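The structure appears right after this line, and notes come after that.
The values are calculated or read from the model by the stated rules, or taken from the named source; none is laboratory data. Source: prediction; values computed, not measured. When we count neighbours, we look across all protein chains shown, and the Cβ atoms used for this are built from the backbone with ideal geometry, even at glycine.
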Amino acid sequence: GFNCGIVGLPNVGKSTLFNALTETAAAQAANYPFCTIEPNVGRVGVPDPRLGELARIGKSQKIVPTTLEFVDIAGLVRGASKGEGLGNQFLANIREVDAIVHVLRCFEDGDVTHVEGSVDPVRDAETVETELMLADLEGLEKRQIGLQKRAKNGDKEAISQLVLIDPIVTALQAGRPARTAVPKGEEEAAKRLQLLTTKPVLYVCNVEEGSAGTGNAFSERVFAMAAAQGARAVVVSAAIEAEISQMPPADRGDFLESLGLPDAGLDRVIRAGYALLGLLTYFTVGPKETRAWTITRGMKAPQAAGVIHGDFERGFIACETIAYDDYVALGGEQGAKEAGRMRVEGKEYLVKDGDVLLFRFNV
Ligand code: GDP
């Protein structure tokens, strides 16, 4: 599965947010596949309004969303790249996640100590990013030296590695994250370098309860910073989310309404995390369940089938395909069939977001 690591300085609300995420998921466990895999790893259902529509039209008994994992990564402090705090452990944990959810403290509270002495989320973001850049730089500079020796002796592979690494080292030395210096078309090769600052980032502005709907002056500065980086940001109040997570799901709508909030902040965090990873969703619809499945961009039909079961991929013959919009507009499978909007696709079909699929396969 895919995962997002929750990072940030101490006392910004990471654990509050992580606990709210996992408790919300636990409360929905009747419908949502959920588990706390380890104390700091939770798997949550990805909210998707299309599921309800499909289940209604397809008369499914239940809905099963696709899932995303969140990892609570504690221990980052200024100096982590030099081994301060949980230093190296922390960095190793980040190396393993697919994307970073960076929680920033945007609330004032005299009772909650700020490790840097004052509330300044843009400075905090830079502090964390600097530690990640220093860790990347240290690792890459070591590799660069080895590669340069090999390149001098005419090693072709070393030469091509340097074409990728040199501009990244230059960027990091100038205080810019590695993601700004990955040459076009080299994204996969860059991924294999396992850098911290090539991972996509979502900024989560943790604001006081009264600002949950509007954001505040601190979160506005974070949004400006994110825009300049081409990154995304969301506003949540971890305190409100913690409260919501303790309520029965049926009561949550009214509570959100009473606060004047259109939706739960956590839902936005989950959806934004999913979007951050560039993941696509396809659906299977049947009388038993309507279910969402996660694939990556560029997956063909057999691989997409393999997400359900390896046998589906090995024995793949074809798939019946209906686009989500057609399924809804034409009242389901029968209507889509009659209107000629159900296609039979083969091994080379590139699955699209929102496809409703039925696989034919040999066992
Ligand atoms: P972490 O160190 O980043 O995991 O931070 P925690 O989630 O443990 O939160 C640190 C402290 O800040 C706790 O006492 C929380 O209750 C408090 N806290 C977290 N979010 C908020 C918030 O939105 N408003 C206020 N006033 N306090 C918060």
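Data for the structure
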quantity: Candidates VAL112, VAL97, VAL64, filtered to the one that is loosely packed, with under 15 Cβ neighbours inside 10 Å, touching a residue at least 40 places away in the same chain (Cβ under 8 Å) and of a type in the set (A, V, I, L, M, F, W, C); calculated: VAL112
quantity: Filtered residues of the range 219-233 (kept if part of a helix (DSSP H, G or I), of a type in the set (A, V, I, L, M, F, W, C) and in contact with a strand residue (DSSP E or B) (Cβ under 7 Å, 6 or more places away or on another chain)); calculated: VAL222, PHE223, ALA226
quantity: Restricting the range 78-122 to residues that are modelled with pLDDT of 90 or more and away from the ligand (no atom under 16 Å from the Cβ), the residue that is nearest to the chain's Cα centre (by Cα); calculated: ALA99
quantity: The listed residue being closer than 30 Å to GLN229 by Cβ and under 28 Å from the mean Cα position of the chain (by Cα), out of ILE295, ILE308; calculated: ILE295
quantity: Candidate set from the range 307-349 (those that are in contact with a strand residue (DSSP E or B) (Cβ under 9 Å, 6 or more places away or on another chain) and of a type in the set (Val, Ile, Thr)); member that is nearest to GLU53 (Cα to Cα); calculated: ILE322
quantity: Verdict on LEU54 being in the same structural domain as ALA228 (by TED's automatic domain parsing), under 29 Å from THR198 (Cβ atoms) and surrounded by 17 or more Cβ atoms within 10 Å (Cβ to Cβ); calculated: no
quantity: Selection from the range 243-288 of residues that are within 26 Å of PRO200 (Cα to Cα) and within 15 Å of the ligand (Cβ to nearest atom); calculated: ALA264, GLY265, LEU266, VAL269
quantity: Out of VAL169, VAL204, sole residue that is among the hydrophobic types (A, V, I, L, M, F, W, C) and part of a helix (DSSP H, G or I); calculated: VAL169
